[in-house]
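Working notes, beginning with the structure itself.
The values are calculated or read from the model by the stated rules, or taken from the named source; none is laboratory data. On a predicted model such as this, the values are computed, not experimentally measured, just so you know. Because the Cβ atoms are built from the backbone with ideal geometry, glycine has one as well, and the counts that use them run over all protein chains shown. Just so you know, the surface numbers come from the protein's heavy atoms only, side chains and all, with ligands and any DNA or RNA stripped out. Shrake-Rupley method; radii C 1.70, N 1.55, O 1.52, S 1.80 Å.
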Amino acid sequence: MKVFGMTGGARFGTATAIGLALAAGSAQADVTPADVWADWQGYLAASGYEVSGEENQSGDALTVSNITMSMAIPEEDATISVNMGELTFTGNGDGTVSIALPASMPMNVMVSSPDAEDFSVGMQYDTTSLEMTASGNPDDLLYNYTADEVAVILNDVTVEGETMDLGTVEFRIADVSGTTTMKIGDLRTSEQKMTTGPVTYTVDIDEPEGGGGEMMLKGQFAGMTVAANGALPLEMDPANMGASIENGFDVDATVTYSEGSSEFTFVDPPQTTEGTTSSDGGEITVALGADGLTYDLSASNMNLNMAGGDIPLPVEVAFGTAAFNLTMPVAKSEDEQDFAMGLTLGDFTMSDMIWGIFDPAGQLPHDPATIDLDLTGTAKLFFDLFDPEQMEAAETGELGVPGELNTLDINTLTVSAAGAELTGEGAFTFDNSDLETFNGMPAPEGSVDLSLTGANGLLDQLIAMGLVPEEQAMGVRMMMGMFAVPGEGEDALNSTIEVKSDGQVLANGQRLR
């Protein structure tokens, strides 16, 4: 399903998904086929497309054929055009409209650019037992839809007039059911909800011109739910997302998927790498608007098994939890803006065969390992991330410093492995007018509290295994003695590192700088 208003290549996905994505409000008034088609055109136009089609009204049915959507991408000096098949909008006599797509609708996506090779992608959009109905009024539409299956299938790729059959690329969703609201006021706003049954995907591609290479990926998961909200300016310029955001563009989408698995094979003669993955499910959230850009990904009980190729032995690893989140500003501002970043790799385990490479005698604890980091803070951005000219100037250094860090909070820091664990938390502010005290870095002020357990025991085991020489271990212990003090319990150390505004650095009250 699509996320409203995304630019570039993601936008032609809007066209393929629109048959299931469009829907709107709860007002119970009459709506005509022409009203519904006008809304589709208005939505696509607001997303940056130029839309054309041949309309034929016959009784209560409006048929639109030879639908073409095109969009210029100025920053790439390219044009994307999408040719669709035929849509039929039929009045039901009760104020509602049924929308029909061909069971198999061919689509051709063409990209032309004077600076690169022209290419086109031939696809087909298949539906089985699709039923979609629009109701409401022209400014407040509600779409309900169900389908036994929806599939997007790649047919061929043509580059500079030469057509290549790469193999099989398809994505299938069963038991689709959902609604979407679409309202028009100062902005075009929408709310989407969808649930599905099993989802399957297949990518089986051979290297062109008989090179012998192959990539095969097959997978499935039991089902998914989609919840998305969007607001688009009525006259949005996709080439200037900065201005669009300033004018109210705001979207967010969350996809939750259930348990699934996959298998893959990569052939690069004479080597073959193959493996499997599985998980208990996860969630993906993407948001973009005045509050910035957000990615939030998580999965539970992930397993990976892989062998072959350059890998000397089978790899078996697992994560109880894997998660990543990032929130960052995208617009230039004189005010401080929030950011966040987090990474969790929890309960990491690997097979005894891998442990045996560096711990053949089993001297180290094989407890699950964890990395958990949670950072938040504020910063200023001195350019618009979605302005191509400003972005290029920032990359080349023409804008000078692209931004500044103002505050940083270490909410969580945890690293545990092989019987040792480091935890910490702290907070810092940064004086961006002082670039001398710390040799070009904005002067920090604040502190971090750290706790370390099991470190000496781990060092003893590494020495016994011959992995760490005694003299190196002695140096590590001396450093720990300088920066830490004994904590509660056996083999426990604590440390508070403070940074003062005058440039002093203290460890447990002792001056280091």
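Structure values in brief
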| read-out | value |
| --- | --- |
| Some residue of the stretch 110-124 being in contact with a Pro (Cβ under 8 Å, 6 or more places away or on another chain), open to solvent by less than 50 Å² (accessible area, probe 1.4 Å) and not polar (S, T, N, Q) | yes |
| Filtered residues of the stretch 288-299 (kept if surrounded by fewer than 16 Cβ atoms within 10 Å (Cβ to Cβ) and outside any strand (DSSP E or B)) | A290 |
| In the stretch 313-372, residue nearest to L405 (Cα to Cα) [restricted to those that are free of Cβ contacts under 8 Å to residues at least 40 places away in the same chain and of a type in the set (D, E)] | D347 |
| Qualifying residue in the stretch 28-41 (condition: more than 24 Å from K193 (Cβ to Cβ) and modelled with pLDDT under 85) | no |
| Residue match in the stretch 349-364 (condition: more than 30 Å from L462 (Cβ to Cβ), hydrophobic (A, V, I, L, M, F, W, C), more than 21 Å from the chain's Cα centre (by Cα) and buried (at least 17 other Cβ atoms within 10 Å of the Cβ)) | no |
| Odd one out for A379, checked against (1) surrounded by fewer than 18 Cβ atoms within 10 Å (Cβ to Cβ); (2) assigned to a strand (DSSP E or B); (3) within 24 Å of the chain's Cα centre (by Cα) | (1) |
| Residue tally, condition over 23 Å from the mean Cα position of the chain (by Cα) and open to solvent by 60 Å² or more (accessible area, probe 1.4 Å), over the stretch 315-331 | 1 |
| Filter pass, D280 being of a type in the set (D, E, K, R), at pLDDT 95 or above, in contact with a Pro (Cβ under 9 Å, 6 or more places away or on another chain) and open to solvent by 30 Å² or more (accessible area, probe 1.4 Å) | no |
| Wholly enclosed strands (runs of 3 or more DSSP E) of the stretch 148-266 bearing at least 2 residues touching a strand residue (DSSP E or B) at 6+ places or on another chain (Cβ under 8 Å), in contact (Cβ under 8 Å) with a residue 24 or more places away in the chain and open to solvent by less than 40 Å² (accessible area, probe 1.4 Å) | 167-184, 187-195, 199-206, 214-221, 224-233, 250-257 |
| Residues of the stretch 382-407 satisfying the condition of being part of a helix (DSSP H, G or I) and open to solvent by less than 70 Å² (accessible area, probe 1.4 Å) | P388, Q390, M391, A393, A394 |
| Test for T327: is it of a type in the set (V, I, T) and farther than 26 Å from L462 by Cβ | yes |
| Options M302, M306; residue that is surrounded by 16 or more Cβ atoms within 10 Å (Cβ to Cβ), more than 18 Å from the chain's Cα centre (by Cα) and part of a strand (DSSP E or B) | M306 |
| Count - residues of the stretch 46-72 that are part of a strand (DSSP E or B) and either open to solvent by 20 Å² or more (accessible area, probe 1.4 Å) or among the basic types (K, R) (or both) | 16 |
| Residues that are within 30 Å of G377 (Cβ to Cβ) and in contact (Cβ under 8 Å) with a residue 60 or more places away in the chain, drawn from the stretch 440-479 | A443 |
| Search result, residues across the stretch 439-496 that are assigned to a helix (DSSP H, G or I) and open to solvent by less than 60 Å² (accessible area, probe 1.4 Å) | A455, N456, G457, L458, L459, Q461, L462, I463, A473, G475, M480, G481 |
| Filtered residues of the stretch 418-438 (kept if touching a residue at least 24 places away in the same chain (Cβ under 8 Å) and open to solvent by 50 Å² or more (accessible area, probe 1.4 Å)) | E421, L422, E425, D431 |
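Let's see how each residue does on (1) closer than 30 Å to F386 by Cβ; (2) among the charged types (D, E, K, R); (3) touching a Leu at 6+ places or on another chain (Cβ under 8 Å):
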| residue | (1), (2), (3) |
| --- | --- |
| A243 | yes, no, no |
| T254 | yes, no, no |
| E259 | no, yes, no |
| S278 | no, no, no |
| Y295 | yes, no, yes |
| N305 | no, no, no |
